[in-house]
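The values are calculated or read from the model by the stated rules, or taken from the named source; none is laboratory data. Bear in mind the structure is a predicted one, so any value in this text is a computation, not a measurement. Glycine also receives a Cβ, built like all others from the backbone with ideal geometry; neighbour counts cover every protein chain displayed.
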Amino acid sequence: KVLPACLLLALLLLAPALSAQQERGLIFNLEIGELCLQSAQCKSGCCHRVNGLSLARCAPKAAEFQECSPKSIYGVYYKCPCERGLTCDADKTIVGSITNSNFGLCTDPQDSSGR
């Protein structure tokens with residue numbers, strides 16, 4: 001009987017968030033600086049944490065020449081992926097992902113092809 005009560009409580013707490021306007025919610029469409037668990041929750045598309053002990057917050061995507069991480073399945077980043085149109089020139093091997101050393105720099109692929 002404890003499980004149905006917990007489920008009911010969870011639904012009551014989530015109901016306002018689920019019925020909230022699409023512009024901004026408590027679970028999705030989070031603004032920069034708000035706490036998150038997955039990048040899909042953030043308007044920016046980046047849920048960022050400073051280190052393994054810090055809370056993750058929505059952050060802007062990395063601009064040209066800023067440090068970045070390749071997009072990952074984990075959904076939380078130590079360095080945000082690049083803005084649209086830029087690529088993250090980084091170590092994309094599985095070792096880089098495991099050791100958390102797969103950081104790079106955002107570059108414009110059109111600039112590098114013209115040189």
Selection from region 44-60 of residues in a loop (DSSP other than H, G, I, E, B) and touching a Lys or Arg at 6+ places or on another chain (Cβ under 8 Å) yields Ser44, Gly45, Cys46, Arg49, Leu55, Ala56
Here the residues within region 49-77 that are crowded, with 18+ Cβ neighbours inside 10 Å and among the polar types (S, T, N, Q) are Ser69
* Among the residues of region 45-58, is any modelled with pLDDT of 55 or more and of a type in the set (D, E, K, R)? -> yes
By residue number, the members of region 15-39 that are modelled with pLDDT under 90 and hydroxyl-bearing (Ser, Thr, Tyr) are Ser19
- Task: Inspect all residues belonging to region 64-71 and state whether any of them is at negative phi, assigned to a strand (DSSP E or B) and in contact with a Gly (Cβ under 6 Å, 6 or more places away or on another chain).
- Result: yes
